[in-house]
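The values are calculated or read from the model by the stated rules, or taken from the named source; none is laboratory data. Computed from a prediction, not measured in an experiment: that's the story for all the values here. All Cβ positions, even for glycine, are placed from backbone atoms using ideal geometry, and neighbour counts span all protein chains on display.
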Amino acid sequence: MNTSDLIEYKQYHGSVYFDSKQEIFYGKVEFICDLVNFEASDAKSLVQSFKNAVDEYLEDCKILNKTPDIPFKGSFNIRISPTLHREIGLYAMQHDSSVNNIVKSALKDFIEHHTN
């Protein structure tokens, strides 16, 4: 999926798909654990359906006294080999840094060199 296949509203992102058999556009709110779907018969209506789904999700959370899932909170888990974990930890210690800072720096460099 490309970022051009995403729509955004209130910092939530929705995927966009087309089902040619049913002739409908559909999607879901991405990057959250809760499942929030939406659909429509045309592209313009899909954008409105997405916005309505986000608004309804936020309202339902309020009614249920639940904190809504927030995409991109700034923390995530990754799984790496113990060997790589050790190497990063030793590198961080030798450079008076932290594993977190080394990973942030590596990810930032990667994105800067691999995006348009």
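For the reader, a short list of remarks on this structure follows.
- Residue count for the stretch 67-87, restricted to those that are under 26 Å from residue 8 (Cα atoms) and not basic (Lys, Arg): 11
- Selection of helices (runs of 4 or more DSSP H) fully inside the stretch 32-116 by the criterion of at least 3 residues being of a type in the set (D, E, K, R) returns 43-63, 99-114.
- From the options 64, 90, 46, 107, residue that is of a type in the set (A, V, I, L, M), surrounded by 10 or more Cβ atoms within 10 Å (Cβ to Cβ) and closer than 25 Å to residue 10 by Cβ: 46
- Residue pairs meeting the criteria (Cβ under 6 Å; at least 6 apart or on separate chains; first outside the structural domain of residue 30 (by TED's automatic domain parsing) and among the charged types (D, E, K, R), in the stretch 41-70; second at pLDDT 95 or above and loosely packed, with under 13 Cβ neighbours inside 10 Å): 69/34
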